[in-house]
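> Please find one structure pasted underneath; my questions will follow.
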Amino acid sequence: MTLRWKIAQWFELRWWVNYLRGKDKAEYLSWKKNYWNNLLAKIPEIKMGPSKTIADLGCGPAGVFIVLPKNKITAIDPLLNDYESRVPFFAKSDYPNTTFICCTIEAFQPAEKSDIVFCMNAINHLHDMKKGFDKLKEVCKTDGTIIISIDAHNFSFFKYLFRLIPGDILHPHQYDLKEYQDFLSDGDCKISSTQLLKHEFFFDHYLLVAVKSVL
């Protein structure tokens, strides 16, 4: 898994560099902000007031932090330094309200817990899935909210096949919706909503929202 994770990280950086090559920065960031604002509108029960502290785990170069300029945000990604040096659309100085930390989610040691923890299309990029979900819960305050988006397998055959061969090389982990729900709802977290965002043949893209409560 270590080798597979390292390969996936290399391809992740390569994907971003190639994807953004030739794009206009202002146009792309405007599109991405619209994407995030539309997604946040799908979670009306979440109050995103400026007093809320935010953790954006696995943030990438254009995570949810780009649309929350009034919140205190901690953004984590092991490729942040590479993004800043190789992706011209990303500069830490553009987001003065955000503390960026270049590390894996599993290794992150938060100085304080957050009201809302995002992990958007990143959980299956991790080296250790269980440690990753445990970290989401550790970072979240009691009565706080965890929000993740995932690509979940539609067919068991392809799920097991992609575990054996790199059919989905960016993602070292391959799970279905029920398995992701079980990871998230284990222990002191309860899933409050599951939304289908996009349907495709191999994977469906879901948004999961969970509340961390006292055991």
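Values in this text are rule-based calculations from the coordinates and carry no lab data. Being a predicted model, the structure only gives us computed values, none of them experimental. Positions of Cβ are backbone-derived with ideal geometry, glycine not excepted, and every protein chain shown enters the neighbour counts.
> Take the alpha carbon atoms of the range 176-194, find their center, do the same for the range 149-165, and report the distance between the two centers in whole angstrom.
The two parts, judged by their Cα centres, are 18 Å apart.
> Considering only the other residues whose Cβ falls under 14 Å of the Cβ of PRO88, what net charge follows from Lys and Arg at +1 and Asp and Glu at -1?
Counting the neighbours of PRO88, the net charge comes to 0.
> Give me the net charge of GLU138's neighbourhood, meaning all other residues with Cβ under 12 Å from the Cβ of GLU138; Lys, Arg count +1, Asp, Glu -1.
Neighbourhood net charge equals +2.
> Ranked from highest to lowest mean number of other Cβ atoms within 10 Å per residue, what is the order of the peptides 10-18, 140-148, 23-31?
Details: 10-18: 14.7, 140-148: 18.9, 23-31: 11.9.
Highest to lowest by the protection proxy: 140-148, 10-18, 23-31.
> Among (1) 55, 33, 27; (2) 65, 36, 24; (3) 47, 45, 31, find the value of Cα extents along the principal axes in Å that was calculated from the structure presented, and write down its label.
(3)
> Would you please state the base-10 log of I(q)/I(0) at q = 0.23, 0.28, 0.31 1/Å for the range 35-76, with intensities from the Debye formula using one equal scatterer on every alpha carbon?
So the normalised log intensities work out to -0.82, -1.14, -1.26.
> Quick one: grab Rg to one decimal and Dmax as a whole number for the range 1-110, Cα atoms only, in Å.
My reading of the Cα-based Rg and Dmax gives 14.5, 41 Å.
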